[in-house]
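Chemist: Input: one structure, supplied below.
The values are calculated or read from the model by the stated rules, or taken from the named source; none is laboratory data. Computed from a predicted structure; not experimentally measured. Cβ placement follows ideal geometry from the backbone for every residue including glycine, while neighbour counts extend to all protein chains displayed. We work out accessible area using only protein heavy atoms, side chains counted, and drop any ligands, DNA or RNA first. Shrake-Rupley method; radii C 1.70, N 1.55, O 1.52, S 1.80 Å.
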Amino acid sequence: MGAFWHPFSDMGAVERGGEFVVTRAEGVHVYDDKGNRYLDATAGLWFANVGHGRRELADAAAEQMTKLAHYSTFGDYVPDVTLQLAERLAGIAPVPGSKIFLTSGGSDSVETAAKIARRYWVEMEQPSRRIIIGRQKAYHGMHYAGTSLGGIPGNTEGYGELIEDQAHVVWDDPEDLRATIERLGADNVAAFFCEPVIGAGGVYPPPEDYLTAVRKICTENEVLFVADEVVTGYGRIGGSWFASTRFGLEPDFVTTAKGLTSGYLPMGAVFVAPKVAELFFAPDAGRWLRHGYTYSGHAAAAAVALANLDLIEQEGLLEDAARLETTLQTRLSPIAEHERVSEVRSGTGALAAVQLTEPSEAAGLAASLRQHGVATRAVGAGGIQISPAFVMTDAQVDELGTAIETALG
């Protein structure tokens, strides 16, 4: 038996079947330890927005590490490059004037938003506002708050109740959110967490007008609106930096990670709108936020994030993600006619899922796709994840579609 414990895995099955060992990657391809090449359909895990093997990002990390790998950002300490990144992110924030809390990843970002949301209401002298609402099918990372807020039942099994004062609504009906807030009492509800496109739960684009409706309900009830853009942020939504901008949501918080550095170093960020942040930034407020991480604003990660944002801008990758939205939908939609496929979900950014009629077959199909030169994984309840790097060409999308059709038989 090997020593490595894989996340999200049945280690007994891994021990029986062996590991799929990846040794290198370039562009939209990854290579295994036998030298075989695979089209990377998932961009690692939703994150390699600019593609693999970008020398510019490796050089940015190396240059920063030779000067200052990292230093504490607690109190008034901060690396200069961290300040630069915060200003850069504030400049593309869905809500102007937002403050930026930097983290080590998406789960950290969700935990941060949940804690600040509750603390906000305490400072607003409404401490009863503690309940946080999530959606069915949703995924918000695997820390305590995120696991509780997620709507994937298997992810909570065996852990007991992780946090109190949380509730769930159906993923596609705004009126269920309204009714739940009314049942709980608006003066008891702190925040609503919402993925603009549900990611790990199966890639579910929002029903028409859903996002506008739930945002309006939160505004009417003074419930803080948290857009979880760990997957959709930094261009994945196509044409805009964030889904919140595309759909005009003006959220109180935006949780992000993955595409911030394209996965080259671990980093996340929480965008906190002025409505919330100004309470803590007031010069005479004297409000300590006793929360943070050793690697909040990690200097080398910040340098990579800045270089990554440069690449996205200079190479027009926001537009490429919009191109992929159309190409993926055009090429993959006909696969829905296959007898083993119940539907293909696409049409909102560089994201898609092929849903199998028999959900139990998804993991096997993902494994068999490797025999046809494609690396992907099962997602949600019986879906196949498609979330390529923005540099994937239309010809490579066609290659992907052909491989899926062949693997389906």
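Chemist: For region 1-54, what number results from the quotient of the Cα radius of gyration and 2.2 N^0.38 Å?
Modeler: Numbers: Rg = 12.8 Å, N = 54, 2.2 N^0.38 = 10.0 Å.
Computed over Cα atoms of region 1-54, the ratio equals 1.28.
Chemist: Compute the length gained on full extension between Ala336 and Ala90: take 0.36 nm times their separation in residues and subtract their Cα-Cα distance, giving the result in nm to one decimal. Provide the component values of the computation, followed by the final result.
Modeler: Working: separation 246, 0.36 × 246 = 88.56 nm, distance 4.08 nm.
84.5 nm is the gain from fully extending Ala336 to Ala90.
Chemist: Taking a ≥ b ≥ c as the square roots of the Cα gyration tensor eigenvalues, with a/c under 1.5 meaning rounded and otherwise prolate when a/b beats b/c, else oblate, which class fits region 79-151?
Modeler: Numbers: a/c = 2.18, a/b = 1.42, b/c = 1.54.
Oblate shape, in that a/c is at least 1.5 and b/c is the bigger or equal ratio.
Chemist: Taking the Cβ-Cβ separation of Ala381 and Met1 as r and a Förster radius of 30 Å, what is the calculated FRET efficiency to the nearest 0.05?
Modeler: 0.50
Chemist: Bin width 5 Å, origin at 0, all Cα-Cα pairs of region 200-355: what percent of pairs per bin?
Modeler: Bin by bin from 0 Å, the calculated values are 2, 8, 13, 17, 17, 15, 12, 8, 4, 2, 1, 0, 0, 0.
Chemist: Between Glu157 and Glu56, what is the label-point separation in nm under the 7 Å Cα-to-beta-carbon projection?
Modeler: 4.5
Chemist: Here is a further query. Starting from the Cα of Lys275, step 7 Å along the direction of its Cβ; do the same at Ser72; then give the gap between the two resulting points in nm.
Modeler: 3.5
Chemist: Taking Cα atoms, how many degrees apart are the long axis of helix 106-123 and the longest axis of the chain, rounded to 10 and kept between 0 and 90?
Modeler: 20
Chemist: What percent of all Cα-Cα pairs in region 275-409 falls into each 10 Å bin, going from 0 up to the bin containing the maximum distance?
Modeler: 11, 31, 21, 18, 13, 6, 1
Chemist: If you don't mind, another one. Size of the dipole of the chain about the Cα centre, Lys and Arg at +1 and Asp and Glu at -1 on the beta carbon, nothing else charged, in debye to 20?
Modeler: Working: 32 positive and 53 negative charges, 119 e Å.
That gives the chain a dipole magnitude of about 580 debye.
Chemist: May I ask you to compute the full-extension gain from Tyr144 to Leu184, defined as 0.36 nm times their residue separation minus their alpha-carbon distance, rounded to one decimal in nm? Don't skip to the end; give the middle numbers.
Modeler: Working: separation 40, 0.36 × 40 = 14.40 nm, distance 2.19 nm.
Computed gain between Tyr144 and Leu184 is 12.2 nm.
Chemist: If you split all Cα-Cα distances of the chain into 10 Å bins from zero, what percentages do you get per bin, shortest first?
Modeler: Using 10 Å bins, I get a P(r) of 5, 22, 32, 26, 12, 2, 0 for the chain.
Chemist: Short version: what are the Cα gyration tensor semi-axes of region 156-216, square root of 5 times each eigenvalue, largest first, in whole Å?
Modeler: Working: eigenvalues 86, 70, 15 Å².
Each semi-axis is the square root of five times an eigenvalue, giving 21, 19, 9 Å.
Chemist: I'd like the FRET efficiency for Thr294 and Asp172, computed as 1/(1 + (r/R0)^6) with the beta carbon distance as r and R0 of 30 Å, rounded to 0.05. Walk me through the numbers on the way to the answer.
Modeler: On the way: r = 39 Å, r/R0 = 1.30.
Efficiency at R0 = 30 Å is approximately 0.15.
Chemist: Could you work out the per residue convex hull volume over the alpha carbons of region 91-131, in cubic angstrom?
Modeler: On the way: hull volume 3.9 nm³, N = 41.
It comes to 95 Å³ per residue, whole-number rounded.
Chemist: Would you calculate, for the chain, the mean residue ellipticity at 222 nm contributed by helices, counting each DSSP H stretch of 4 or more residues as -39,500 (n - 2.57) and dividing by all residues, to the nearest 500? Working shown, then result.
Modeler: Details: 14 runs with 150 residues, N = 409.
About -11000 deg cm²/dmol.
Chemist: Compute the orientation-averaged projected area for region 5-150 from the convex hull of its Cα atoms and round it to one decimal in nm². The partial results should precede the final answer.
Modeler: Details: hull surface 53.5 nm².
Answer in nm², one decimal: 13.4.
Chemist: How much accessible surface area, in Å² rounded to 10, belongs to the heavy atoms of Ser342 with a 1.4 Å probe?
Modeler: 70
Chemist: Another question about this same structure. Just report the Cα centroid separation between region 167-241 and region 44-61, whole Å.
Modeler: 30
Chemist: Among 297-310, 176-189, how do they line up by average Cβ neighbours within 10 Å per residue, starting with the highest? Working shown, then result.
Modeler: Working: 297-310: 25.0, 176-189: 16.3.
The most tightly packed comes first, giving 297-310, 176-189.
Chemist: Along the charge dipole of region 204-253, which of Gly239, Thr212, Leu249 sits closest to the positive end, that is, farthest toward it, with unit charges on the beta carbon of Lys, Arg, Asp and Glu (+1, +1, -1, -1)?
Modeler: About the Cα centre, the residue reaching furthest to the positive side is Gly239.
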